[in-house]
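One structure below.
The values are calculated or read from the model by the stated rules, or taken from the named source; none is laboratory data. Just so we're clear, the structure is a prediction, and the values are computed from it rather than from any experiment. Ideal geometry is used to build each Cβ from the backbone, glycine not excepted, and the neighbour counts take in all protein chains shown.
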């Protein structure tokens with residue numbers, strides 16, 4: 001009986017550790033987006049994603065500083081991320097666009113979240129309006145979020161100029177893109 005209890009306890013502990021590992025693989029923090037850190041070199045990506053697929057620009061045969069965009073896909077085809085490297089002599093990652101909704105910020109925001117989730121968990125620094133989108137910049141975060149203007153009230157959808165205030169964005173507005181930009 002004692003051996004069964006020890007076995008059951010070990011099984012529960014292993015499951016808990018695996019869940020924590022899986023969660024970290026898709027966690028967005030100030031210094032990490034899943035497996036990628038602020039200091040990750042482009043040359044290290046193949047090792048980080050050895051079980052996944054890295055798609056390079058068709059003009060480039062290996063990960064180099066001339067790379068424009070690097071797409072990361074899970075085996076099986078799920079698009080995880082698109083990375084833009086710096087132009088430094090030893091390139092790191094400058095921008096990350098998140099495609100997979102399993103990526104969740106340390107405050108619980110993902111591609112499946114709404115504008116209310118953003119407001120409830122972050123302080124909005126500014127909102128920038130473009131032709132088709134509004135981009136929400138967050139205080140104390142390198143993450144910025146895009147919402148399609150189709151999610152806005154009709155009176156704001158077609159206005160090309162002018163500021164849009166947070167109070168004008170419906171709580172139920174869906175996130176279109178999540179990006180992380182590291183300097």
Report, by residue number, each residue of region 103-120 that is loosely packed, with under 15 Cβ neighbours inside 10 Å and assigned to a loop (DSSP other than H, G, I, E, B).
106, 108, 112
When you scan region 123-137, do you find a residue that is surrounded by 17 or more Cβ atoms within 10 Å (Cβ to Cβ), outside any strand (DSSP E or B) and in contact (Cβ under 8 Å) with a residue 24 or more places away in the chain, even just one?
no
Within region 138-157, residues assigned to a loop (DSSP other than H, G, I, E, B) and in contact with a helix residue (DSSP H, G or I) (Cβ under 8 Å, 6 or more places away or on another chain) come out as 152, 153
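Please work out which residue is surrounded by the most Cβ atoms within 10 Å (Cβ to Cβ), limiting yourself to region 49-65 and to residues that are at pLDDT 55 or above and more than 18 Å from residue 95 (Cα to Cα).
52
With the structure loaded, tell me whether residue 152 is surrounded by 15 or more Cβ atoms within 10 Å (Cβ to Cβ), over 18 Å from residue 81 (Cα atoms) and within 17 Å of the chain's Cα centre (by Cα) or whether it fails that test.
no
Being in contact with a strand residue (DSSP E or B) (Cβ under 8 Å, 6 or more places away or on another chain), modelled with pLDDT of 80 or more, on the phi < 0 side of the Ramachandran plot and assigned to a strand (DSSP E or B) is the requirement here; does residue 81 meet it?
It is true that residue 81 is in contact with a strand residue (DSSP E or B) (Cβ under 8 Å, 6 or more places away or on another chain), modelled with pLDDT of 80 or more, on the phi < 0 side of the Ramachandran plot and assigned to a strand (DSSP E or B).
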Residues that are modelled with pLDDT under 90 and in contact with a helix residue (DSSP H, G or I) (Cβ under 9 Å, 6 or more places away or on another chain): does region 107-126 have at least one?
no
Just to be sure I understand, how many residues within region 68-85 are in contact with a helix residue (DSSP H, G or I) (Cβ under 8 Å, 6 or more places away or on another chain) and more than 14 Å from residue 46 (Cβ to Cβ)?
0
Output for region 22-48, where each listed residue is part of a loop (DSSP other than H, G, I, E, B) and farther than 18 Å from residue 94 by Cβ
26
